[in-house]
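The values are calculated or read from the model by the stated rules, or taken from the named source; none is laboratory data. Owing to the predicted nature of the structure, the values given are computational and were not obtained by experimental measurement. Glycine also receives a Cβ, built like all others from the backbone with ideal geometry; neighbour counts cover every protein chain displayed. Each accessible area value is taken on the protein alone, full model and side chains, heavy atoms only, with ligands, DNA and RNA left out. Shrake-Rupley method; radii C 1.70, N 1.55, O 1.52, S 1.80 Å.
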Amino acid sequence: MTKTKNFHTIFPAISVPMNDDDSINEPEFRAYLRWLESFYDDGIKGIVTNGHTGEITALSREERKRVTQIAAEEVGDKMTIVSGVSSENTKGAIETARDAKEAGADGILLMPPHMWLRFSMSSRSPFEFVKDVAEGADIDIILHLYPAYTKATYTQEQLVEMLTNIPHVKGVKMGTRVQSIYEEQVRTIRKSNPDAALLTCHDETISDSLFPEMDGAILGFAGCIPELITKAFKTYNEGTCKELHEVDDKIFPVERAIYRGGQPSGEAHARLKQVLVERGVFTNDHMRKPVLPITEKSKEIISQGVKESGLTKVDMSKF
């Protein structure tokens, strides 16, 4: 089939299987990608590499490029590949965005410099940062919006300006996590930039987050329970609220086992990887330090959550 680049879709923010020596388990990673590609017709038409779920901050620059290259080799002829870019300076962001492009990415998920989380930034910094990366790397961009209660968030006005005046900016990973602000942002952007891809990333409240009528999602959660995430989107678009609630009843046990009622964290990403082990997709839940191994108690909770959600083992021999 001829590939069509598509940012209006569900993007699993993929995990990376590791060996005990911290090396990437490439054969298992490739099979994992092929498994996710099998949900293409159900609404997963893209992949995000090097998200926080994919341990971007623990990977070297070379490893980030390699992860994206493997994804492009395995599923890039069909699926839209977006690579996370995280850097504390504009030059570094441009360089890693170019790496992603060379590796086969169709776009980048551009994170704000993390120094802004502590020190904030001037009102013009986000626009200049995104514009410089767009021009320096010549690649399409999904903005990574951090929660509204952090110093690194973008205002509604900043989002509209970037979507309007930087042609490479194609959408926003809507990580607002304050429902009233989230809905207002979505409605405002819909009016000013109707073609923008607005993607939920509220793993911990996924069904609730669909109601402002999202175009898709960037979710670590979609990388371990793709059959339920795609069903939630289909039910939202074609079913009733009651039917969506019934889907959410399936999602809820494993959702709480991973996120414990809070937004994603390093520990939550480790628990998500354990779900992949529980399902037979990965053979190892190893995370790079400083994220520590999850406890046996957590593993028991995850196993119970997977069981209550009705999730089955995946026959990876098919992939």
Query raised in the report: Has region 64-81 got at least one residue that is in contact with an Asp or Glu (Cβ under 6 Å, 6 or more places away or on another chain) and in a strand (DSSP E or B)?
Result: yes
Query raised in the report: Glu128 passes all but one of (1) farther than 16 Å from Ala217 by Cα; (2) touching an Asp or Glu at 6+ places or on another chain (Cβ under 9 Å); which number fails?
Result: (2)
Requested in this report: Please find, among Gly175, Gly223, the residue that is in contact with a Ser or Thr (Cβ under 7 Å, 6 or more places away or on another chain) and under 30 Å from Glu278 (Cβ atoms).
Outcome: Gly223
Query raised in the report: So which pairs qualify, if the first residue must be in region 13-28 and more than 19 Å from Gly51 (Cβ to Cβ), the second must be at pLDDT 95 or above and crowded, with 19+ Cβ neighbours inside 10 Å, the Cβ gap must be under 7 Å, and the two must be at least 6 apart or on different chains?
Result: Asn19/His286; Asp20/His286
Requested in this report: Filter region 1-52 down to residues that are more than 16 Å from Gly107 (Cα to Cα), of a type in the set (S, T, N, Q) and open to solvent by 10 Å² or more (accessible area, probe 1.4 Å), then give me how many there are.
Outcome: 5
Requested in this report: Please work out if Ser87 is hydroxyl-bearing (Ser, Thr, Tyr), closer than 25 Å to Pro113 by Cα and either outside any strand (DSSP E or B) or at pLDDT below 95 (or both).
Outcome: yes
Query raised in the report: Taking region 252-267, which residues are surrounded by fewer than 20 Cβ atoms within 10 Å (Cβ to Cβ) and assigned to a helix (DSSP H, G or I)?
Result: Phe252, Pro253, Arg256, Gly266, Glu267
Query raised in the report: With (1) closer than 20 Å to Ser209 by Cα; (2) open to solvent by 10 Å² or more (accessible area, probe 1.4 Å) as the list, and Leu159 as the residue in question, which single condition is left unmet?
Result: (2)
Query raised in the report: Does Ser207 qualify as being open to solvent by 10 Å² or more (accessible area, probe 1.4 Å) and among the polar types (S, T, N, Q)?
Result: no
Report task. Residues being part of a loop (DSSP other than H, G, I, E, B), of a type in the set (S, T, N, Q) and free of Cβ contacts under 8 Å to residues at least 24 places away in the same chain: count how many of those fall in region 271-319. Result -> 1
**Report entry** Flag if Pro194 is surrounded by fewer than 18 Cβ atoms within 10 Å (Cβ to Cβ), in contact (Cβ under 8 Å) with a residue 12 or more places away in the chain and more than 16 Å from Pro264 (Cα to Cα)
**Finding:** no
Query raised in the report: Can you pull out the residues in region 11-39 that are within 18 Å of Val314 (Cβ to Cβ) and outside any loop (DSSP other than H, G, I, E, B)?
Result: Pro12, Pro27, Glu28, Phe29, Arg30, Ala31, Tyr32, Leu33, Arg34, Trp35, Leu36, Glu37
Report summary line: If you go through Thr200, Thr235, Thr176, the only one that is farther than 21 Å from Ile47 by Cβ, open to solvent by less than 50 Å² (accessible area, probe 1.4 Å) and out of contact with any Asp or Glu (no Cβ under 7 Å at 6 or more places or on another chain) is Thr176
Query raised in the report: Within the bounds of region 96-118, is there any residue that is open to solvent by 30 Å² or more (accessible area, probe 1.4 Å), of a type in the set (Phe, Trp, Tyr) and either in contact (Cβ under 8 Å) with a residue 24 or more places away in the chain or in a loop (DSSP other than H, G, I, E, B) (or both)?
Result: no
Query raised in the report: Within the bounds of region 194-212, is there any residue that is assigned to a strand (DSSP E or B), out of contact with any helix residue (DSSP H, G or I) (no Cβ under 7 Å at 6 or more places or on another chain) and of a type outside the set (Val, Ile, Thr)?
Result: yes
